[in-house]
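This report concerns only the one structure given below.
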Amino acid sequence: MSSEMLPAITETSNVEKKQDLSEHREESQKPRLGEGFKPVSKRQMKKLIKQKQWEEQRELRKQKRKEKRKRKKLERQCQLESNSDGNDRKRIRRHVAYSTLRLIIDCSFDDLMVLKDIKKLHKQIQRCYAENRRALHPVQFYLTSHGGRLKRNMDENDKGWVNWKDIHIKPEHYSELIKKEDLVYLTSDSPNVLKELDESKAYVIGGLVDHNHHKGLTYKQASDYGIDHAQLPLGNFVKMNSRKVLAVNHVFEIILEYLETRDWQEAFFTILPQRKGAVPTDKVCESSSQDKPSVRVEDGSDSDSSEEEHSRNELDSPRKEAKQDQEHSTESAGNSPPH
């Protein structure tokens, strides 16, 4: 071998050694199994893929938001233009016929309810307010004795209530705001049954969610204050499978519906929840007369079958009663329709 070839071979071997050293260094830097390296699981892989897709669609979402804002702006412009032809909902709302009837929710039972029931009453009041705002014949809506835990709950969870319109929210008791001769307390314990609504009167609904623990309380209060009282004519038109106890907002909505239709039966069947299994009393009487010679009459007089019904109710288990109480926990005993 010539001396000229030796430098070339030496240089080549040096290059190969450097490559081997660099490869060895890279291999040594790679994590090995059992040395802190954990393989990616399927769940983690899915998360990585979703994250990548979410980032890739960022611009698309931004574009959709822009289009949505443009669409809403266009809809608002169309609504403003439709005012001229009377198709806008707001224009219809301006032409409603306001009723002179005053409907009061008496909030003086704050100390008889636990916080859970206070919150339920708050939601029922919200529903009453919303329904009155969209009604064709809205009433003069009052909240009286407003304060205590109910007010604190509204301050914390519904700060916008201070901006409510078409409502009178007063800390005073209703007896301090309205003349005694104009007041009628709606209570299921009253022997008087309403036939018509007198729009010159102020009807009071007890703001009480008590799971039927304070029976007869609203009737007693009406008697103590010496004001008129009455019950809705539910028993004349409706037969229900469940207890005849309705929430505050149901009583409120039934009155709104009656002012529009002037038909108690239609008002009841439009508002009553389906779970109560309400059916017209005339259908019940027809079907019962085919099966039994006599039936229990809703006005309180009893027939032969009433003893059988009474004994069946006595045999009901406590578990069934507890289940019914839980099912109707949002309903107010003080504002129920007639028994």
Exactly one of ILE104, ILE49 is aliphatic (A, V, I, L, M), modelled with pLDDT of 75 or more and within 29 Å of the chain's Cα centre (by Cα), and that one is ILE104
Flagged in the range 233-285 as surrounded by fewer than 21 Cβ atoms within 10 Å (Cβ to Cβ), at pLDDT 85 or above and not in a helix (DSSP H, G or I), in numbering order, are PRO233, ARG262, ASP263
Restricting to the range 107-150, count the residues that are over 22 Å from the mean Cα position of the chain (by Cα) and closer than 12 Å to ASP166 by Cα. 1
Among the residues of the range 182-190, is any among the charged types (D, E, K, R) and farther than 21 Å from GLN124 by Cβ? yes
Give me the pairs: first residue in the range 57-68 and part of a helix (DSSP H, G or I), second residue surrounded by 10 or more Cβ atoms within 10 Å (Cβ to Cβ), beta-carbon distance under 9 Å, and six or more apart or on different chains, which are they? ARG61/TRP54
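The values are calculated or read from the model by the stated rules, or taken from the named source; none is laboratory data. What you see is a predicted model; the values in this text were computed from it and never measured. We place every Cβ from the backbone using ideal geometry, glycine too, and count neighbours over all the protein chains shown.
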